[in-house]
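Every read-out reported here was derived from the displayed coordinates using simple, explicitly stated rules and does not represent laboratory data. All values reported here derive from a predicted model rather than from experimental measurement. Cβ placement follows ideal geometry from the backbone for every residue including glycine, while neighbour counts extend to all protein chains displayed.
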Amino acid sequence: MKKISFITGDNIKLDGLLYESDVLTKEIVISVHGMTSNCFKKREDILANEITKNNISYFCFNNRGHDLSVYVDKYIDGRRTKIIAGSTYEDVLDSYYDITGAIKSMIDNGYEKIHLQGHSLGCTKIVYTYTRLKNENNIEILNKVSSIILLSLVDIVGTQKYSLNDKFDKMLEYASQKETDNKLNELMPENSFIHPICVKTYLRYFKYNENINFSRYEDKSYSFEELNNIKIPLFIRWGNDREMILQDVKELVKLMESKINNIYKNIGYIDGANHSYVGKEIIVANEIINFIHTI
């Protein structure tokens, strides 16, 4: 394992951990963590150790949305400055630069077959990034991405509406007024979200969300265009213990099986797993490995 640092396309410095397979390989899993998380989680270490045993390297990195509130280095005309980030302050659309930066870094390190793996919000970031790469016809990167692995893809809007009930519209009105007052970095009221969150980030999730609101499990008429735009092998898993979904997991799997047209899809759930897959990491790793070996 070694530390890897890289600079994103918008000049942010990010750090990660590269777990190298004992056998020389050009194949790697790039892991994108979720809200308030980071690349030092026990799950990452277990997945990395299991996957590298199978001649596949593993790279997990701290995207700019790691932990709650952090400062990240940004370089402007060669001069370093610091900008506030973390899950409290991030703009999810910036994940495009984080993920493409990680991919380019791994290409520079000699990897040619890349599997993009996300957890929770990390799934949203991967699907958004992949969609943008396709829209921009970025063949250079797309040709290196061999599969998409989504662990606990969350319907952020649906779960927020369920959590807040009749307070959802009031919170959105509050955030919109703060935007009018040019107070985007102010924190939303307590209990408005599952963790402290600023107005700008809240509005991205729940108002200016046309690019990331593609997990509408409750909308039976929704076509899941972004997920169906993924033509490479697609792996999706949830847990069934305290998972962040509103549906019975078996019904959700059945729904997604019927909605997703990808001929290489592999959709299911890990029995007994919670949202973070605590205690089920090796099972998750083995299912990912088996999936990759079919590609």
Using the Cα centre of the stretch 159-206 as the reference point, and only Cβ charges (+1 on K/R, -1 on D/E), how large is the resulting charge dipole? Debye, rounded to the nearest 20.
140
To the nearest 20 debye, what is the magnitude of the charge dipole of the chain about its Cα centre, counting +1 on the Cβ of each Lys and Arg and -1 on the Cβ of each Asp and Glu?
300
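P(r) tail for the stretch 159-206, what percent of Cα pairs lie past 14 Å?
Distances greater than 14 Å cover 41 percent of the Cα pairs.
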Give LYS3/LYS42; LYS125/LYS207; LYS161/LYS207; LYS200/LYS220; LYS13/LYS104 a once-over and call out the pairs whose C-alpha atoms are over 23 Å from each other.
LYS200/LYS220
Need the C-alpha centroid separation for the stretch 238-256 versus the stretch 164-209, integer Å.
27
If you average the sequence gap of Cα pairs under 8 Å that are 6 or more apart and divide by the length of the chain, what percent do you get for the contact order?
17
Using the Karplus curve 6.51 cos²θ - 1.76 cosθ + 1.60 with θ = phi - 60°, work out ³J(HN,Hα) for each residue of the stretch 138-155 in order, rounded to whole Hz, and write x for Gly and Pro.
7, 4, 3, 8, 4, 5, 8, 8, 9, 7, 10, 10, 10, 9, 6, 5, 9, 7
Straight-line reach from LYS170: which aspartates and glutamates have a Cα under 15 Å away, not including same-chain ones fewer than 8 places off?
GLU179, GLU190
Give the aspartates and glutamates whose C-alpha is closer than 18 Å to that of LYS2, dropping any in the same chain fewer than 8 places away, or say none.
ASP15, GLU20, ASP22, GLU27, GLU44, ASP45, GLU50, ASP108
Rounded, prolate or oblate: which fits the chain, taking a ≥ b ≥ c as square roots of the Cα gyration tensor eigenvalues, rounded meaning a/c under 1.5, else prolate when a/b beats b/c?
oblate
Go through the stretch 61-152 and name the GluC sites (Glu not before Pro) that are in a DSSP coil and have 11 or fewer other Cβ atoms within 10 Å of their Cβ.
GLU136
Can you bin the stretch 5-68 into rounded, prolate or oblate? Criterion: square roots of the alpha carbon gyration tensor eigenvalues sorted a ≥ b ≥ c, rounded for a/c under 1.5, prolate for a/b above b/c, oblate for the rest.
oblate
First measure r as the distance between the Cβ atoms of ARG242 and ARG79, then evaluate 1/(1 + (r/R0)^6) with R0 = 41 Å and state the FRET efficiency to the nearest 0.05.
0.35
Three-way shape label, the stretch 250-294, alpha-carbon gyration tensor, a/c 1.5:
oblate
Give the long-range amide H neighbours of VAL32: residues separated by 5 or more places, or on another chain, with amide H under 5 Å away, using H modelled in the peptide plane at 1.01 Å from N.
GLN117, GLY118, HIS119
Checking LYS104, LYS167, LYS220 against a Gaussian network model of the chain (alpha-carbon springs below 10 Å), the top fluctuating residue turns out to be LYS220
Mind listing the phi-derived Karplus ³J(HN,Hα) values for the stretch 214-229, rounded to whole Hz, using 6.51, -1.76 and 1.60 with θ = phi - 60°, and x for any glycine or proline?
10, 10, 7, 5, 7, 8, 5, 8, 6, 9, 6, 4, 5, 5, 6, 7
Applied in sequence order to the stretch 50-67, the curve 6.51 cos²θ - 1.76 cosθ + 1.60 (Karplus, θ = phi - 60°) yields integer Hz couplings, x standing for Gly and Pro, of 6, 5, 5, 5, 10, 6, 10, 7, 9, 10, 10, 9, 7, 6, 5, x, 6, 6
